[in-house]
Structures are given as C-alpha cells and as structure tokens.
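Visitor: I'd like to ask you about the structure that follows.
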Amino acid sequence: MNSAIPIDALTEAEAAEELAQLARDIAHHDAAYHTHDAPEISDADYDALRQRNAAIEARFPTLIRADSPSARVGGALESGFAKLRHRVPMLSLDNAFDAMEFTEFCTRAKRFLGRTEPLTLVAEPKIDGLSINLTYEHGRFVRGATRGDGSEGEDVTANLRTIQSVPAELLGKAPALIEIRGEVFITKADFLALNQIQAQAGARVFANPRNAAAGSLRQLDPRITASRPLSLFAYAQGESSEPVAATHWAYLQRLKDWGFDVNPLSRLLDNETDAEAFQIKISLARSGLGYDIDGVVYKVDDLGLQRRLGFVSRTPRWAIAWKFPAEQATTVLREIRIQVGRTGALTPVAELEPVNVGGVLVARATLHNEDEITRKDVRVGDTVVLQRAGDVIPQVVSVVTERRPADSVAYSFPDVCPACGSHAVRPPGEAVRRCTGGLICPAQRVERLIHFVSRPAFDIDGLGDKTIQEFFNEGWLHGPADLFKLPEREGEIAKREGWGKVSARNLCRAIVARRTITLERFIFALGIRRIGATNAKLLARHYGTFANWRAQMFAASQIGSDERVELGSISGIGPTIAEELTDFFAEARNIAALDELAAELTIEEAVHADASDSLIAGKTVVFTGTLETMTRPEAKARAEALGAKVTDSVSKKTDFVVVGVDAGSKARKAAELGVRTMTEAEWQEMVS
Ligand code: IVH
C-alpha cells in the first residue's frame, strides 16, 4: 500500500492504484463488521482508511470510482432474511475527532445557510449499536428493518417484536404512516453475562456489545432474540405521512409520548459553543454508563433548516458525530500468563506492550479461555487488536496476522498448573481447564482464604483482601486453620504499619468469636466448586453433623457406594455436584487440611428446618428454553427443595421466569405481563 506517501506527492497512477486498493480493503472491513459482526481492525484504523480515501478523492476527483467507499454506507446483506427497501434511505454520519473539526462543521452549515447567528443544536450520546427502521401504520408496528446497505435492509420484524422498548402500538395520536429510527443495543453488563454463557456453552463470544446486539437481532429464530436483553433508543425520523414537529427537540418529545425511550442524556444546546463542554461532560460520564457510547451526535434543531441543508453523498449536512478517542488500539503481546482462580480455573491473560486505549494505559487483557486462543490463533509476539468498552476489562479482539513474526508458533495451553504443578484437566464439554491441586495449590490459597473469611462464610471483620495477602506473604497463613492461630500474634500485628493495639485486639476477638460455626457456613467456606451457600445448606441439613458429613463424603468417594448414591439423590444436589464433592474428598491433602481446620473449631449441628428462609421460598417459578448448567427436572427439584412452586405456564401469579436458550412465547408473555425474567446465570447466583 502507498499509505505512507503524502497525498500531495501521489502521482495519478499511484492514486488510482491506491483508491482501488482502498475500495477493496474498506469493502472487506465493512463486510467483516456489518455482515459477519466480527471486525478485524479498530474503529480508529477503519476511520483512517476512509479519511485517506476521501482525501485522495478530493485531490483527484476524476478518479472517483463507481464502487467508491464514500458512496456506500454499510456492509452487504447476510442471506436468510427477506429484504426491505427503506422509503427514505438510511444514511450515515460524518465524523469529527476534535473541537476544530466540529467548528468546521458548524461553519460549513452556517455558510450553506447564509447565516451568522449561532446554531441551536440537539446533542445525543452516540450509542454503538445497530440502527433500525420501524414502520408504524395507524399507530401499529408493522415492519422493522436493519440499515443494511442504506437503501435496503433485512426484515427483522419478528425479532424486533421481542424487544420491550419497541412499542407494539403508539400511545396517543400518530400519523397514518410513520417511520421511526433508532439504535438497538445491549448493556455492558448483559454483554458480559451473554459472553460468559456463550463461553461456557462453547459458543462463540462476541467482540463487543455492538456485535452482540447485531448478532442477537439478526437471528433467524426470534426465540433466540427474545432471550437476549436488547434495548432501543429512538432518535430519528424516516418517512411520515404528515409533519409531526417543527424541531428535532420537539420530535424527541413526541417519541417519548408515543412510548419510545429517548436517551435521557440528550440536551438542547442554544449555541454551538456549548458543545465542547457537553462533549467533556459526556466523556467523563462515559465509563459509568450502563451501555457503550463512542461519541456524541449533534443535530441542527430546526427541521426547516435540516431540510435546506440536505445531504452530501452519504451524510447529512445538518448532523455530525463527534467521536471520542478510540477505545481500540493495537499492540504487541509479550507473553500469555495463566492465572489461577479460587476453584483452580486457569484463565489465560495477555501481557502486553503497554498501550493507551481510549485514555487508559493497558498492559493486560483477558483471553477468556483455551478455545478462544485457538479460535483467534493468538500467539506470543503477535500484534493484537485490543478493546476496552467503558470500564469493562480489556480484551484481545483479533490478531493482525500480517505483522506476525516469521518464527512464531501456535500457543499450546499448559496441562499442569503453573503454580503447583498439579495436573490441570478439562472435562469433556467444558470450556475451562482446572488445576487439581485443591487446597495445596499456593495460587488458589489466597483466593480461598479470601473466600473463607467473606461475609456468607466465616464473616471475619477486619480481614480484607489486602490483609490476607500481607499475612500470607509474611508466611503466617498457609491454610484456613492458620487463621485461628493469628490471635497468638496479636502483639506483632499491633506493631504493623496501619495497625494499632485496638485494631489488632478487635481482629483477634473477631477470629476467636468464629471458633464456633454452623455446619453450613463451614461447608460453604471450604470453597469447593459448585458448593455455594444453598448447596452447603442442603448438605448441612441432610448430614446434620460434621463428623457424619465427613465420614459419608469419604465413603461416597467410592464410585458405586451406597453413600455415593445417597449423595446424588439429595434433592438439589445431582450428579455433577456430587462429583465435585467426591473429587475433593478423594484428595488426601484436602482431608488433612480439613481435619486440621476442624480441630480448631466447634462445628454446630444443623437443624432440619423447612426452606422458608430461602430467597425463593413461596415463589412461583417458570423455566423456559434450554437450560445449560442443569437439566429441567434438576432445576425443578432444586427450586422445590428451596420452597418454590414450579409451574409450566406464565401468568400474573408467576414471580420469576428463568429464560434459557431458545426461549420463546413464555419469555414474551413474561415481558408482556411485566413478570421478572432472569438468565440461568442470574438464577444460579440467586440459589447458590
Ligand atoms: S442519526 C442521517 N443519531 O450512528 C443520520 N445516529 O454513524 C442518521 N447512531 O447509522 C443517524 N446514535 O447507527 C443518529 N443519536 C443518534 C445516533 C446515531 C447512534 C448511529 C446510527 C447511525 C450511525 C452513523
């Protein structure tokens, strides 16, 4: 490519060649982004390609190609959906990257209008989602389409009907025909939760919330869309059989009256000079917003002026997107480090050549899991595209293969724990490889100790994460039993920096007070995988005493034993959980640590009570769709064990609907009735 040559120095032949190359490259990246929802380069790099293309065209207007990227908006259409032609084309926005470019936009608009007085503008945060066009006839939603190539989109009506913020009927008076445009998006939290579910199911994870929203809306099966938490902010008009407002601000008001969500951060600015302060305000609010934004859109408020200003090529003269600095960047991956979590999960982390991503220095990024590394073929030494979405952990989006060192080798995931050398195993069907070292693995110990003293476990006041780490580094804590030896060091603790006599005494008292503990807290505190608070309670109630539980678990490690069968048949436990327990007891070192700990404690006998104190006791629950971490009967048994009533159909009396994959009419019904829905992961959190 000639991109290093200054535009002024390009010969006509070079310019023609580069324009052809740019047309191919931009078309390729458009398809990657819009059609496959899998971008290969950062937005900033993409914008740079387009800018270069526009600059060359400006100097050589006779060379503008018929397939010039500046005349096109988005990507080609994915097959599978019917095509819908937009009555009014869906165009794009020109970008400004700094105050100067923004001022130029205002100057151009005023010059075009022959005005000197300031422009009244509407400012709207620019959400990074996908734009859609909704057609309403006589107030009823009849059709909806994606932007597609700008003139023709995909008919995603059925999918749009599953989105709560797309009104089925407009409230109040509306024109006989009106097209309303807006952005479909997914919140950052829902994006992360969705990716976690995808990763656990071995399905592809989405690069960013925008791709997750696009991927969710463009599902051939609307039931999948229904299970994905999509939202919509409305912000523009298409065709209308009669005028609905004189200003854009008034139009936004009408949208709200009709029942649409309009971004609450939108503002009317009397004067274009207010834009800079607004830009700063929104960029500061950005990381705290629940959804991703990539800039602010400024629109001339007066619709009469908008009509006069019109369009140039693919963008309006009356609006501009003032973008924030890119939150994507490329850098070199120095090393892949394996982190070990509390339950032994090995998580690959990319150690990077530090790089500024949207104003934050990033030196590390998550690589999710083994399969993700394989799928993206990430290698040490690679140049990678990084992405940071608000305050979300940075992630490696893709590899720039052209910059791969010649001697690079594919990454091979370790099969031993990097911290303790124990085998790291990956059960078939699971995405995560785990260290089998249990309590003896030093990397797991700190995490386990932190869990051990946490509120639902031993609840020891004054022992925060940092203190645990410090005492561990000091060599005072090896396993949980050592916590109860800390009071012997009261004097030493008092002398430490940040401590005094009173705080040391309080800590030691808090520890001594926990020498007596309930069996369920004790079991939970061990931090055995899948033994959350609820399962710990089930076990405590079933086995009653520590001695009995220990003996039974020990015996249950024997496959085929009566004790194993008994364990698996406890309502709510099931075979997977039973196996976690027996695996734990099969390890001699775990038993030794367990006994050492029990020797320090008085473990109270559990009382058989009803389930009335569980969060879901007395509630009516419906499960719908395919559940991924439990079978339907297992889910039902577990809910019932906790005092809930499980029914098959959704009604006003339903308290929760747990929505699995491919959920359909029940999820929709719940939305209609305003019944609370939750993902399988949220349900698991509530009952564990
Ligand atoms: S107005 C003719 N307003 O940005 C102008 N677009 O880069 C139509 N977008 O395709 C667009 N927030 O996907 C407009 N408040 C907003 C927006 C917005 C996000 C997206 C939209 C559009 C793209 C243009």
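Visitor: Quantify, in whole percent, the carbon and sulfur part of the accessible surface of the stretch 407-531 (1.4 Å probe; protein heavy atoms only).
Guide: Working: 3030 of 6100 Å².
The C+S portion of the solvent-accessible surface of the stretch 407-531 is 50 percent.
Visitor: Determine the gain in length on full extension of the stretch HIS478-PHE112; use 0.36 nm per residue of separation and subtract their C-alpha separation, reporting nm with one decimal.
Guide: Details: separation 366, 0.36 × 366 = 131.76 nm, distance 7.43 nm.
124.3 nm is the gain from fully extending HIS478 to PHE112.
Visitor: Here's another thing I want to ask about it. Between LYS281 and GLU137, what length in nm is gained on full extension when 0.36 nm per residue of separation is reduced by their alpha carbon distance? Please list the in-between numbers first.
Guide: Working: separation 144, 0.36 × 144 = 51.84 nm, distance 3.87 nm.
So the chain would gain 48.0 nm between LYS281 and GLU137.
Visitor: Please report the spacing between the Cα centers of the stretch 230-294 and the stretch 129-185 in Å, no decimals.
Guide: 17
Visitor: For the stretch 665-681 and the stretch 85-120, compute the distance between their C-alpha centroids and round to whole Å.
Guide: 42
Visitor: Give me the accessible area per residue for the stretch 351-430, probe 1.4 Å, as a whole number in Å². Write down the numbers at each step before the final one.
Guide: Values: 3960 Å² over 80 residues.
Ligands and nucleic acids excluded, the figure is 50 Å² per residue.
Visitor: Let me ask something else about it. Would you please give the FRET efficiency between LYS645 and ALA13, computed as 1/(1 + (r/R0)^6) with r the Cβ-Cβ distance and R0 = 56 Å, to the nearest 0.05? Present the calculation step by step, with values, prior to reporting the outcome.
Guide: Details: r = 77 Å, r/R0 = 1.38.
Computed FRET efficiency for LYS645 and ALA13 comes out at 0.15.
Visitor: Just for the stretch 598-688, what percent of DSSP beta bridges are antiparallel, to the closest 5? Provide the component values of the computation, followed by the final result.
Guide: Numbers: 1 of 11 bridges.
About 10 percent, rounded to the nearest 5.
Visitor: Another question about this same structure. Could you sort HIS29, HIS248 by accessible area so the largest value comes first, with the probe set to 1.4 Å? Mind showing how you got there, number by number?
Guide: On the way: HIS29 30, HIS248 10 Å².
Heavy-atom accessible area, descending, gives HIS29, HIS248.
Visitor: I'd like the accessible area for ARG143: 1.4 Å probe, protein heavy atoms, all chains in place, Å² to the nearest 10.
Guide: 70
Visitor: May I ask you to list the lysines whose Cα is less than 26 Å away from that of LYS537, ignoring any residue fewer than eight positions away on the same chain?
Guide: LYS619, LYS636, LYS645
Visitor: To the nearest 10 square angstrom, how much accessible area does GLU239 have with a 1.4 angstrom probe?
Guide: For GLU239, the solvent-accessible surface is approximately 70 Å².
Visitor: Further question: LYS495 to ARG515: FRET efficiency via 1/(1 + (r/R0)^6), r the Cβ-Cβ distance, R0 25 Å, to the nearest 0.05?
Guide: Details: r = 25 Å, r/R0 = 0.98.
Calculated value: 0.50.
Visitor: Could I ask something else about it? Give the ranking of CYS106, CYS420 by solvent-accessible surface, highest area first, calculated with a 1.4 Å probe.
Guide: Numbers: CYS106 5, CYS420 40 Å².
Sorted descending by solvent-accessible area, the residues read CYS420, CYS106.
Visitor: Run the quick spin-label model on SER561 and ARG50: label points 7 Å from Cα toward the beta carbon, then report their separation in nm to one decimal.
Guide: Rounded to a tenth, the inter-label distance reads 6.6 nm.
Visitor: For the chain, give me every cysteine whose Cβ has no other Cys Cβ within less than 4.7 Å, ordered by residue number.
Guide: CYS106, CYS508
Visitor: Hey, another quick one. Which of the aspartates and glutamates could be linked to LYS281 by a straight reach, that is with a Cα gap under 13 Å, when you skip same-chain ones fewer than 8 residues away?
Guide: List returned: GLU124.
Visitor: If each residue of separation counts as 0.36 nm, what is the full-extension length gain between SER313 and LYS83 once their alpha-carbon separation is subtracted?
Guide: On the way: separation 230, 0.36 × 230 = 82.80 nm, distance 2.31 nm.
Additional length available on full extension: 80.5 nm.
Visitor: So, taking all protein chains as they sit and a 1.4 Å probe, how much accessible area belongs to PHE81, in Å² rounded to tens?
Guide: So the heavy atoms of PHE81 present about 30 Å² to solvent.
Visitor: Given a 1.4 angstrom probe, what's the average accessible area per residue across the stretch 573-688, in square angstrom?
Guide: Working: 5780 Å² over 116 residues.
With all protein chains present, the stretch 573-688 gives 50 Å² per residue.
Visitor: Continuing with this model, one more query. Heavy atoms only, probe 1.4 angstrom, no DNA, RNA or ligands counted: give me LYS173, LYS619, LYS645 ranked by accessible area, highest first. List each step's numbers first, then the result.
Guide: Numbers: LYS173 160, LYS619 70, LYS645 125 Å².
Final ranking, largest accessible area leading: LYS173, LYS645, LYS619.
Visitor: Take the cross-link list LYS256/LYS323; LYS83/LYS653; LYS110/LYS188; LYS173/LYS669; LYS173/LYS666 and give me the ones stretching past 29 Å between alpha-carbons. Please report the intermediate quantities before stating the final value.
Guide: Numbers: LYS256/LYS323 26 Å; LYS83/LYS653 41 Å; LYS110/LYS188 38 Å; LYS173/LYS669 27 Å; LYS173/LYS666 31 Å.
Violating the 29 Å Cα-Cα cut-off are LYS83/LYS653; LYS110/LYS188; LYS173/LYS666.
The values are calculated or read from the model by the stated rules, or taken from the named source; none is laboratory data. In this text the structure is predicted, and so the values were computed from the model without any measurement. Glycine gets a Cβ as well: all are built from the backbone with ideal geometry, and neighbour counts include every protein chain shown. These area figures cover heavy atoms from the full protein model, side chains too; ligands, DNA and RNA do not enter into them. Shrake-Rupley method; radii C 1.70, N 1.55, O 1.52, S 1.80 Å.
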